[in-house]
Amino acid sequence: MKKTNPSFLNGVPELLVLRLLSGREMYGYQIVEAIRTQTREALSFGEGCIYPYLHYLEAEKQVSSRRRDVDGRSRNYYKLTARGRKRLDELTCEWNRVTTGVSLLMEGQHA
Amino acid sequence: MPDTDFIEQLRGRLVELGCPKAHVRRLVREVAEHREDLKQAAVLEGLSGADAESQANAQLGDPIALAEHLMVAVRRSSWLGRHFVVTFSLLPLLAFPVLWLLLMIIELSLGFALGFGWDYKKLHVAAINPVANHHINIALRSMDYAAITLVALLFCWLARRSAVSAKWMVTSCAICSFYALVTYGRVEPHSFTMGFITSTAGIPPIHQCIKATIPLLIAGVFYVFQRRAKHELRRNATA
């Protein structure tokens, strides 16, 4: 499995993390696993490297965090804020625009 | 590698790289929890405790490399860290005169309010009196020193906060030091002057030279504290 993702995917991690957190509160390990499994291992975050990224999103007030005890384990759970939701909407629109454009071009090449 | 070794190596390298303490604490705690999750997942897959630990270590990789990777991510996560050349070499050049002037105005206003109750007449009378004038100039010089100190502290704090290397902290303090050498404030009977020494002839007065050493001393103190923190960590790790 690739440990690093191609450079044209800049900005995609933000979209993925915000999208995952829009559904429910999650902690770092869960986010890494969800990205790996839900993208069928096409994309992956380096283990441990998710944390500075989450801290950055928190500093940008796109996510908030709190300590929570679940099943005797204490972890930092992250959840989307109103600002994060707005950012997610922007990124989703941008992503749809780009993928539609790329798909049209690819289909044109094959036609 | 036992749990404590992995975590201590990670912590040690983060401190060595100049990662701020709050970041180190939080990153180490979260990576340790992540490692525990990887171990538990491996145990659920049917691996023994030792094998699960080896698998978790393999997934996280070398703790030194991980710390370096984390550090790059920490630096990139702030605007200051991403634009460290601008922040610590160009920004002090532009921001120093503004910050210094602002701090001097605040301090002078406070001094004027507390010392003379906003009464210009009292100030003029004091300025004519040689002894009072001397005291006013000492107070003014102290304010100048305080302003220089605050600006240098601000840049050192920004450098620590954005986790850039010590050389950038020293660069910004060297720029502050240069400005300290050429800025002045002086009270004379019926006049108050503040600005930049423009003449290149001769050596700056001794108090200007003393003032110029303040930012360098502050950078030195920050550097020594950082070194001490690293040594302390190494001692704790080997103990």
Problem - Within 10 Å of each Cβ in B:24-33, the average number of Cβ atoms from other chains - result: 4
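In segment A:7-110, what is the volume of the convex hull around the alpha carbon atoms, normalised per residue and reported in Å³? Can you show the working numbers first?
Working: hull volume 11.7 nm³, N = 104.
Enclosed volume per residue, from the Cα hull, is 112 Å³.
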Completion exercise
Under 5 Å from the placed amide H of A:Y27, counting only residues 5+ away or on other chains, we find A:Y78
Problem - Theoretical ellipticity at 222 nm over the protein assembly as shown - DSSP helices of four or more residues, -39500 (n - 2.57) apiece, nearest 500 - result: -24000 deg cm²/dmol
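Please report B:C173, B:C209, A:C49 as a ranked list, fewest other C-beta atoms within 10 angstrom at the top and most at the bottom.
Working: B:C173 28, B:C209 12, A:C49 19.
Lowest to highest Cβ neighbour count: B:C209, A:C49, B:C173.
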Practice task
Would you grab the residues whose amide H sits under 5 Å from the one on B:T183? Only those 5+ places off in sequence or on another chain, please, with H modelled 1.01 Å from N.
Solution key: B:I197
Completion exercise
Scattering profile of chain B from the Debye formula, Cα beads only, expressed as log10 I(q)/I(0) at q = 0.08, 0.09, 0.15 Å⁻¹, is -0.48, -0.56, -1.00
Exercise for the section: Enumerate the amide H contacts of A:T81 below 5 Å, restricted to partners 5 or more residues apart or on another chain; note that Pro and chain-start residues carry no placed amide H. Expected result: A:V63, A:S64
Handout entry: Translational diffusion coefficient (Stokes-Einstein; Kirkwood radius from C-alpha pairs) of segment B:87-189 at 37 °C, 0.692 mPa s, in µm²/s
Key = 220 µm²/s
Exercise for the section: Using the Karplus curve 6.51 cos²θ - 1.76 cosθ + 1.60 with θ = phi - 60°, work out ³J(HN,Hα) for each residue of segment A:94-103 in order, rounded to whole Hz, and write x for Gly and Pro. Expected result: 4, 4, 4, 4, 5, 5, 5, x, 5, 4
Handout entry: Note, ³J(HN,Hα) from phi for segment A:61-78, Karplus 6.51, -1.76, 1.60, rounded to Hz, x at Gly and Pro
Key = 6, 8, 9, 10, 10, 8, 7, 9, 9, 10, 6, x, 10, 9, 9, 8, 9, 10
Problem - Radius, Kirkwood style, for segment B:3-77 when every pair of distinct Cα atoms is counted (Å) - result: 12.7 Å
Handout entry: Rg/Rg_globular for the protein assembly as shown, with Rg_globular taken as 2.2 N^0.38 Å and Rg from C-alpha atoms
Key = 1.36
Problem - Taking B:M71, B:M143, B:M169, A:M106 and counting other C-beta atoms within 10 Å, the order from fewest to most - result: A:M106, B:M143, B:M71, B:M169
Problem - For segment A:14-28, 3J(HN,Hα) per residue [Karplus equation, 6.51 cos²θ - 1.76 cosθ + 1.60, θ = phi - 60°, Hz, x = Gly/Pro] - result: 4, 4, 5, 5, 5, 5, 5, 6, 6, x, 6, 5, 9, 10, x
Fill in the blank from the handout: Contact order relative to length for segment B:3-77, counting C-alpha pairs under 8 Å separated by 6 or more residues, stands in percent at 41 percent
Problem - Mean separation of Cα contacts under 8 Å (6+ apart) over length of chain B, as relative contact order % - result: 22 percent
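Throughout, read-outs are computed from the coordinates displayed, never taken from laboratory work. Since the structure is predicted, the reported quantities are computational estimates derived from the model, not experimental observations. Every residue, glycine as well, gets a Cβ built from its backbone with ideal geometry; the counts of neighbours run over all protein chains shown.
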